[in-house]
1. Among the residues of the range 114-131, which ones are more than 19 Å from D171 (Cα to Cα) and either surrounded by 15 or more Cβ atoms within 10 Å (Cβ to Cβ) or touching a Phe, Trp or Tyr at 6+ places or on another chain (Cβ under 9 Å) (or both)?
2. Please work out if P328 is modelled with pLDDT under 80 and of a type outside the set (D, E).
3. Looking at A267, A312 in this structure, which one is modelled with pLDDT of 85 or more and among the small types (G, A, S)?
4. Of all residues in the range 226-264, how many are small (G, A, S), surrounded by fewer than 24 Cβ atoms within 10 Å (Cβ to Cβ) and closer than 17 Å to N207 by Cβ?
5. I want to confirm something. Restricting to the range 186-203 and keeping residues that are small (G, A, S) and in contact with a strand residue (DSSP E or B) (Cβ under 7 Å, 6 or more places away or on another chain), which single residue is surrounded by the fewest Cβ atoms within 10 Å (Cβ to Cβ)?
6. Which of the residues spanning the range 140-173 are hydroxyl-bearing (S, T, Y) and either surrounded by 24 or more Cβ atoms within 10 Å (Cβ to Cβ) or at pLDDT 90 or above (or both)?
7. Residue pairs, Cβ under 9 Å, 6 or more apart or interchain, first in the range 103-125 and without any contact (Cβ under 8 Å) to a residue 40 or more places away in the chain and over 19 Å from Q158 (Cβ atoms), second surrounded by fewer than 23 Cβ atoms within 10 Å (Cβ to Cβ) and β-branched (V, I, T). List them.
8. Within the range 135-161, track down each residue that is within 18 Å of S211 (Cα to Cα), among the hydroxyl-bearing types (S, T, Y) and under 22 Å from the mean Cα position of the chain (by Cα).
Amino acid sequence: MRKQSHLLSILLLSLFSVGCTDGALTTTNTSSSLSSKVLVFAGLTTTAQNVTSTTALYSTDSGAWTNTSAIPGVLPAYPAITILGNGKLLAAGGASTGALSDTNWFASVYNPSTNTWTATANMNKGRNQFGMTKLTNGNAIAVGGCSGGCISPNAQVQTFATVCQSAEIYDQTLGTWTNTTAMVACRATTPAVVQLQNGNVLVCGGNNGASNLGTIQTYDSGTGTWTNQPSPTVKRKGPSVVLPDGRVVLVGGMTYAAGPNWGLSSAIDIFNPTTNTWSSGGNLQFARGYHQVSLLNDGKILITGGLNGIAANGTITSTTATVEVYDPTTGKSSLPKLNGTRSFFRLANHPIIKKTPSNFFKGA
């Protein structure tokens, strides 16, 4: 019998006394008593499109779980999340029931000091499988995404064409969303979005509704303009992380090429924002898609989980519990397996991992 994959859209957050950004740390008002905690947030639990109602904190110090307050309104699947400049967490969009046609525009903010969720203003567009990251001023930008499964209208009767090229900014002080300049091209199915050290935002990959994209764009938050940039060596959709030196590493992903495994890739490409050029960074030991990447405090990259088997008709046949650590200067190595296979989960804003709980992994 084919093993049923667990389609988890889980948020894992390292909540330290300082907030985490892509490759850097910024001081926040996050309570120091919440250091070394992990937040597990909503998502899908099975291929039957069941949205889980569980939201809890895990303490790496005590090994205990603590429930948080309920998320206002509906619990989303396929949301986007990021840590704001004030240390709070913004969660937005997603599908209310797990059915992508039920995509919504709801947004909520989690306060780690009070362990509570609070509803905030709705986005201007209902979107799922989109990208979101923090800006240098602490606000957040949401870009692209699908409406109703990238085919149908969303719950607000907005079409894919209306949603996929749009961008909007969340004001952490006012709690409001404002439309900004649309992207140069339509991008959906979770494009990689990261903040560069110069304050610009890089958007890579995604899908335009007809084909997978290998192109990238950068957003200048000062002028509100988008600029096309060169494509990576292997054009695909995959997660990325910013290194301490400012370079961006695109790790694995999918080209969506027809045939078995839909172009699952092991390629690693590195973007230099100073020269706007890409170079090859080698390969992962395992090709994977819909995995997560996090920057470790020694400058290496942790790669976890993902898909490693997709049938020619698009059916997911297997997920992986393998974990790798990639060293941008010397290569890569394997770590013990995750405690259970998973894909479609989230590590918010690519946090810098300072400490890994021993019972989060199991022996290979």
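The values are calculated or read from the model by the stated rules, or taken from the named source; none is laboratory data. Bear in mind that the values here come from a model prediction, so they are computed numbers and not experimental data. Reconstructed Cβ throughout: ideal geometry from the backbone, glycine too, with neighbour counts over all protein chains shown.
1. Just the residues of the range 114-131 that are more than 19 Å from D171 (Cα to Cα), to begin with: 114-116, 128-129.
Correct list: N115, T116, N128, Q129.
2. no
3. A267
4. 4
5. Step one: filter the range 186-203 for residues small (G, A, S), giving 188, 192, 199.
Retained after the next criterion (residues that are in contact with a strand residue (DSSP E or B) (Cβ under 7 Å, 6 or more places away or on another chain)): 188, 192.
On the way: A188: 27, A192: 25.
Result: A192.
6. Once the filter is applied, which keeps residues that are hydroxyl-bearing (S, T, Y) and either surrounded by 24 or more Cβ atoms within 10 Å (Cβ to Cβ) or at pLDDT 90 or above (or both), the range 140-173 yields S147, S166, Y170, T173.
7. Short answer, once both residue conditions are applied: S108/I71; S108/T118; S108/T120; N111/T118.
8. Result: S147, single match.
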